[in-house]
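Everything on this sheet refers to the single structure shown next.
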């Protein structure tokens with residue numbers, strides 16, 4: 001998956017762009033870690049119990065110059081992208097995804113727009 005100005009996960013109704021207020025320290029303050037290539041990456045579990053090794057993970061990567069990003073929801077091992085919006089049984093996972101993203105929007109990291 002390539003870096004783009006706007007990103008979304010499979011099946012979501014919204015797309016996200018980096019907010020003009022997003023800074024390197026803002027990313028770090030919100031749980032992003034710097035990779036060996038200088039990019040910023042966030043990996044968050046999307047299941048009821050964070051200690052569980054099962055379920056899905058939200059992965060967001062932002063380029064080191066804060067110009068582009070990519071995001072996906074993956075399996076627990078992080079190897080395969082999944083669509084959490086195609087199954088009604090994943091309502092709690094969908095809610096947690098939107099909760100995490102709305103929290104980052106409130107902190108000035110992303111801007112959300114409907115697709």
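Each value in this text was obtained by applying a stated rule to the coordinates, not by laboratory testing. This structure is a prediction, so every number in the text was calculated from the model and none was measured. We place every Cβ from the backbone using ideal geometry, glycine too, and count neighbours over all the protein chains shown.
Observations
- More than 21 angstrom apart: percent of Cα pairs within region 47-115: 29
- Among 62, 73, 82, the largest mean-square fluctuation in a Gaussian network model of the chain, built with springs joining Cα atoms closer than 10 Å, belongs to 82.
- Relative to the longest principal axis of the Cα atoms of the chain, the long axis of helix 91-106 makes an angle of roughly 20 degrees.
- Given R0 = 35 Å, the distance between the Cβ atoms of residue 33 and residue 87 translates into a calculated FRET efficiency of 0.70.
- Sum of -39500 (n - 2.57) over DSSP H runs of 4+, divided by residues of the chain (222 nm, nearest 500): -6000 deg cm²/dmol
- For the pair region 91-115 and region 59-73, the centres of their Cα atoms are 15 angstrom apart.
- Applying 1/(1 + (r/R0)^6) with r as the Cβ-Cβ distance of residue 14 and residue 53 and R0 = 35 angstrom yields a FRET efficiency of 0.80.
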